[in-house]
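Shown next, in structure tokens, is the structure this report addresses.
The values are calculated or read from the model by the stated rules, or taken from the named source; none is laboratory data. In this text the structure is predicted, and so the values were computed from the model without any measurement. All Cβ positions, glycine included, derive from the backbone under ideal geometry; neighbour counts span all protein chains shown. Please note that ligands, DNA and RNA were not included when accessible areas were found on the heavy atoms of the full protein model with its side chains. Shrake-Rupley method; radii C 1.70, N 1.55, O 1.52, S 1.80 Å.
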Amino acid sequence: MSAKERGLHALEDLTFRAAPLFDRSETATSQSEAGVTRRWTRWAEVIGGSELLRRRLEYSGGARSIAALLDGAGVLKASAEWTETFSWAVVAAPTVTQPEGTRPELPFVEAFDSVMGAVRLYLLAAHTESIGVLAAGAVADLETGLLRRLTYLANEVLGEAFYKRRFERVPVSAFAEPYAAGPETTEVYRDFVDDLREGGLAWMLEKYPVLARLLCQEIEQWVHQVGCLCRRLVADQHELACWLGNATPAELGWVVAVQPDCSDRHHRGATTMVLTLVGGTHLVYKPRGCAGEQLWARAVGWWNDLGLGSHLTIQNVLDRRDYHWAKWIPAKSVSTAAEVSAFYERIGTILVLLHALCGTDIHFENLIANGANPVLVDLEMLLNPGPNGYGKVERTGLLPQWQAGPNGSRYDLSGLGADESQDRGLTGHTWKRLHTDQIHRVAAKPAPPTMDHRVCLDGAYPDVGQFLDPFSTSFRTAYRCIIEGRESFCRAVTPDMGADCPELRVLLRDTATYANLQATLTRREYLADGLDRTIQIDWLARPLAWKGSGSEARYWIYEAERRAMEQGDIPHFSTTEWRAIPHINEEPGLDRMGASRNGETAVRQVAVWSERTLRKDLNSALAAIEDRFPGSLDRLAHQNGGRGQPGHGTKRANLDPA
């Protein structure tokens, strides 16, 4: 066998072992009965038992045919496109060494110097006509985003390889803690990353084919998404300049800086980005439609036109159908207690409007405290009623709500309740003493919530429990305005919508569920063979195994989730995608999650509003605030002369004295 033939055979083997289970076809060849047993046992553990696994596999060709693939034999159903990227970005990439001080502070980032050199050339070649809209600093920001993803995926594998190399050279490093705290040296580390730059990375990835696939997918997605951004900027720059008012379009270097990855990844790595234009103007790019933002703007416009309370502020958007631009809303502090009161007065009105539109998912990241103006962003989850067809004020996500962490802790990530003290009970890791022989990984908790959603006065963050009077007063006012003018509200908010569904989001599972699973999948045991990664992802398929819950629609939903997870994405369903799922109309509960997201939802929601529901909903809101900020209701009762004071036999149904 020639060297070329050996190389092709090695690439074919790498490609096959990197492939997910369901991208493989059975052959008559069997390689390892032990491998089948081990994987079947592990799969049963993930699903919840052998019987549940058999039931789940009825939707994927049957347990017998699937089990035949667990020995590692088989053939690919289709060619793998990522191998071309592997060839030019990893195997054939010329050796490049970035100048010291130009790399971001990331673990083993030097290992990707040659890869990034090849990616840079490929990006320029692929998007020659539009890449010039980005200044050098903006390109560097985007490259840092890519490097952050590459090192995130590879750091455990690279770290383990470095530890072995270091032990061979410096046996005393086996005493990890004292060695990590010792004097700084760099000889072993420099030799290690030099080897990786000069072809060692390709050799290492032969042992971890799944990691090779994931890295190449990241590169492909990044090139594609940067290209989309540039083409859209070029196409829209004159209209953007007029819309922004103070931005002058320029053919070259219009965007001077980029903050990438400002949202979860969906649809092949697409994320929200914040751009800084020449002159300092900030612009938000969101790679999705803005039907939710437009719906919210109509609701706020209806309220502002009444002129009965504080004026509400929205994030202005420029709709481009498949994507949109938004004006940057910065977090600002206030200077007086009156402004804090005005902030929470507006929050009371916003909560009512959200409730009227059956809005959900307004957690702390979707609220910005722009001085005395609370501003909502990312409004994909409007017109999202509960199982009974109606929304609940507690479901908005704006009100405080305790969640249980895995370690027994409680935390609150709501728009009104989240703060820097929240402990989600999760433990990740970070790397210390980067670029030295003493580099080591330590346990670390995720970063706490930012406080951009909380109104800030003199460095402090007064909570809503301290301002229940303006909050509850505005809640009653807005609620009664909708009761008295429900027809005009519905006409204003849902003009000509009727039974047509706007393009919104269907949230099947909590985003944290997907994110935690993606983090688990970066462990070395899931990076060596695509079979093991598939089995771990199949935790999401548990509903297919439960008695009486499996269906063709659920199978197709899971398949969409699985494909997204294999792409490194957080699965995302739009209402259009949801309605296109085969057999979805055979499951009314699932069908309703997409089909009922229309103007009739808002009409039905406010049609039942009355003074009784006002008291009920306000009591629910006050109870949620009291549970998060104890003493809030006592303070309110004192301000109201002692009426309805809790703690003295007051029932929840009578918390609101009005």
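Residue by residue, segment 446-461 carries 3J(HN,Hα) couplings of x, 4, x, x, 5, 10, 5, 8, 9, 5, 10, 10, 6, x, 10, 10 Hz when phi is fed to the Karplus relation 6.51 cos²θ - 1.76 cosθ + 1.60 (θ = phi - 60°); x denotes Gly or Pro. Note on the chain: Lys pairs 8 or more places apart or on different chains, Cα atoms under 17 Å apart, count 5. Across the alpha-carbon set of segment 299-418, the Rg to Rh ratio works out to 0.99, Rh being the Kirkwood radius.
Loop-located GluC sites (Glu not before Pro) in segment 91-169 (DSSP state other than H, G, I, E, B) with a sparse environment of at most 11 neighbouring Cβ atoms within 10 Å: GLU100, GLU105, GLU129.
Near HIS324, the amide H atoms lying under 5 Å from its own belong to LYS286, ARG288; only residues 5 or more places off or on other chains count, and H is placed 1.01 Å from N. Taking the square roots of 5 times each eigenvalue of the Cα gyration tensor of segment 484-618, largest first, gives ellipsoid semi-axes of 38, 16, 15 Å. Each residue of segment 310-322 is assigned a 3J(HN,Hα), and the resulting list reads 4, 5, 9, 10, 10, 8, 5, 10, 10, 7, 10, 6, 7 Hz, derived from the Karplus form 6.51 cos²θ - 1.76 cosθ + 1.60 (θ = phi - 60°), x at Gly and Pro.
Helix 136-169 and the longest principal axis of the Cα set of the chain meet at an angle near 50°. Of the trypsin sites (Lys or Arg not before Pro) found in segment 124-231, the ones in coil according to DSSP and having at most 16 other Cβ atoms within 10 Å of their Cβ are LYS207. Dipole size of segment 396-498 about its Cα centre, with +1 on Lys/Arg Cβ and -1 on Asp/Glu Cβ: approximately 360 debye, rounded to the nearest 20. When the chain is described by a simple charge dipole with +1 on each Lys and Arg Cβ and -1 on each Asp and Glu Cβ, the residue from TYR189, VAL210, VAL96 located farthest towards its positive end is VAL210. Shown here are the Rg and Dmax of the Cα trace of segment 413-485, at 20.8, 71 Å. Computing percent of Cα pairs over 49 Å apart for the structure here picks out one of [x] 20; [y] 35; [z] 56, namely [x]. Measuring nothing but protein heavy atoms, the accessible surface of the chain at 1.4 Å probe radius is 51 percent carbon and sulfur.
For segment 149-199, the spherically averaged projection of the C-alpha convex hull amounts to 4.1 nm².
Backbone geometry of segment 265-275 corresponds, through the Karplus equation with coefficients 6.51, -1.76 and 1.60 at θ = phi - 60°, to 3J(HN,Hα) couplings of 8, 9, 6, 6, x, 6, 9, 5, 10, 10, 9 Hz, x marking Gly and Pro. Remark: the chain carries a charge dipole of roughly 1360 debye about the Cα centre, counting +1 on each Lys and Arg Cβ and -1 on each Asp and Glu Cβ.
A cut-off of 5 Å between modelled amide H atoms, ignoring neighbours fewer than 5 places along the same chain, links VAL96 with SER114.
Legend: residues THR575, THR128, sorted from most to least accessible area (1.4 Å probe; ligands, DNA and RNA excluded), read THR128, THR575. TRP243 contributes an accessible area of around 60 Å² to the protein surface, as traced by a 1.4 Å probe with all chains present. Using Cβ point charges alone (K and R +1, D and E -1), the dipole size of segment 341-463 about the Cα centre works out to roughly 380 debye. Amide H contacts of LEU76: SER25, each under 5 Å away and 5 or more positions distant or on a separate chain (H built 1.01 Å from N in the peptide plane; Pro and chain starts excluded). Computed over protein heavy atoms with a 1.4 Å probe, the accessible surface of the chain works out to 44 Å² per residue. Relative to the dominant Cα principal axis of the chain, helix 209-244 is inclined by about 40°.
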